[in-house]
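Derivation of every value follows stated rules applied to the coordinates shown; laboratory data play no part. As the structure is a computational prediction, the values presented were derived from the model and not from experiment. So basically every Cβ, Gly included, is an ideal-geometry build from the backbone, and we count neighbours across all protein chains shown.
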Amino acid sequence: MKVFISSVVSGFGAERDAAFEAASTLGLEVRRCEDFAASEESAQQVCLQGVRWADCVVLVLGERYGTVQPSGLSATHEEYREARERGTALAFVESGISPESRQAAFIAEVREWQAGLLTQNFTTPENLKGKTIKALHDFVIRQTQGRPDAAELRAEALGMMPRGSLGYRPMTHVAVAVFPKAVLLSPRQLQSDGLQSSIRQTALVGPHAILDPEVGSTFQISSEQVCLKQPSGPQVKIDQSGLLLLSADVSHRMKMPGALTVIVQEELTEILARTYRLASVLLDLVDERRSVTHVLPVTRLDHGHAPIRTLQEHSASPSSMTIPMAPERLTVEWPPGPLARAALAREADSLAADVVAELKTKMGG
């Protein structure tokens, strides 16, 4: 496996050497920017090539941000952004420092994206070396589990979708398959009061809640899954491997007298974005060890012949509409391939916008 060390260079030699030695101790092929042969390309282009060359990037952050490049970011920040898109970054932050303002913002960005679980603190170069050895060892083990198969994950997500009567209220269903597959919850954990309380809190009143707290909800629990369900169909379901199903009512709530049932595009987009973020929070809840590395969401809209309209369109003609002739169940398989786990929350807004655009196309709008 190939490892690239990313950090500021000046004044950080001992830390860079410690990270380099950690990778070498495990017998991994490791490089720093200075290890690449000189070429006509800029130093930063060479370093970004190093990120693309590597299977894993070890990011080491101290007080200094580094020289700002033409992009407006430091070289290390650019390297991190590149590695982040590939889902290959392990970050280590020096403890007890007073970082420069831009470095403080950079550290906050890293911690937010990594959800604090792939970011570790270190105190000395020797301490950094030990933590890097362990983190890289765990990374290698995860890599030996293979690569996620999009078709297999998609089939798992589709198999989680609800069956039976469609009902009359427009509903979205988001199923999220996870990789690698493992038992994350035992039957005892599925039945624990603590898990149920956390699910209820996040699904009903948390910042990404999709269930109505004013509607009654009950738990349905088996040896393989736990489900918080409401009578009209909204639900949050988690199985023992972390496979998720989140169903939400998307009918327009600010109904005017005589107005027909519609799906307001802006509300649909916002609810889907919340749903993807809630899925990420629930996955963190059941997988604290961060064993899941990739996810693949699949989204279905059961529209009940209600059209998707913008709020402006609906306000202009609330009592008239064109009934869509599309199948009542519209499934969007987007994104086309697995996402790095953290991208489910980080890219929730863009995912929702893309899915809604595809739903409108399928509906003929």
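Would you mind telling me the antiparallel percentage of the DSSP bridges in the chain, rounded to 5?
65 percent
If one computes P(r) from the Cα atoms of the range 2-143, what percent of pairs lie at distances over 22 Å?
Of all Cα-Cα pairs in the range 2-143, 31 percent lie more than 22 Å apart.
For the chain, the longest stretch holding no trypsin sites (Lys or Arg not before Pro) located in a DSSP loop with at most 14 other Cβ atoms within 10 Å is which?
Between exposed loop sites, the widest span is 1-162.
Could you bin all the Cα-Cα distances of the chain into 20 Å bins starting at 0 and give me the percent of pairs in each, rounded to whole numbers?
Reading upward from the zero bin: 27, 48, 24, 2.
With a length cut of 30 Å (Cα positions projected on each helix's long axis) and a Kyte-Doolittle mean of at least -1.0, go through the chain and give me the DSSP H helices that pass.
Details: long enough: 265-286 (32 Å, 0.42).
Length and hydropathy pass: 265-286.
Check the straight Cα-Cα distances from Lys360 and name the lysines below 23 Å, setting aside those fewer than 8 residues away within the same chain.
Hits, sequence-local ones excluded: Lys255.
How many percent of DSSP beta bridges within the range 2-143 run antiparallel, rounded to 5?
Of the beta bridges lying entirely in the range 2-143, close to 5 percent run antiparallel.
Could you list Ser186, Ser280, Ser6 so that the one with the fewest beta carbons within 10 Å of its beta carbon is first and the one with the most is last?
Ser186, Ser280, Ser6
Direction-averaged shadow area of the convex hull around the Cα atoms of the range 188-323, nm²?
9.2 nm²
Considering only Cα-Cα distances, which of the following residue pairs are longer than 31 Å: Lys229/Lys362; Lys134/Lys181; Lys2/Lys237; Lys131/Lys229; Lys129/Lys237? The partial results should precede the final answer.
On the way: Lys229/Lys362 28 Å; Lys134/Lys181 22 Å; Lys2/Lys237 38 Å; Lys131/Lys229 42 Å; Lys129/Lys237 41 Å.
The answer is Lys2/Lys237; Lys131/Lys229; Lys129/Lys237.
Select from the range 1-106 those GluC sites (Glu not before Pro) which occupy a DSSP coil region and have at most 13 other Cβ atoms within 10 Å, ordered by residue number.
Glu40, Glu41
Report the net charge of residues surrounding Glu94, where surrounding means a beta-carbon distance below 14 angstrom and charges are Lys +1, Arg +1, Asp -1, Glu -1. If you can, show how the numbers build up before the last one.
Details: positive: Arg16, Arg64, Arg111, Lys129, Lys131; negative: Glu15, Glu63, Glu100, Glu126.
Once all neighbours under 14 Å are counted, the net charge is +1.
Give the relative contact order (percent, whole number) for the range 2-143; include only Cα pairs under 8 Å separated by 6+ residues.
Reported as a whole number, the value is 28 percent.
Under a 5 Å amide H to amide H cut-off, with H placed in plane at 1.01 Å, what residues pair with Ala89 once short-range neighbours are removed?
Val57
Neighbour counts of other C-beta atoms within 10 Å: give me Cys227, Cys56 arranged from fewest to most.
So the ranking, lowest neighbour count to highest, is Cys227, Cys56.
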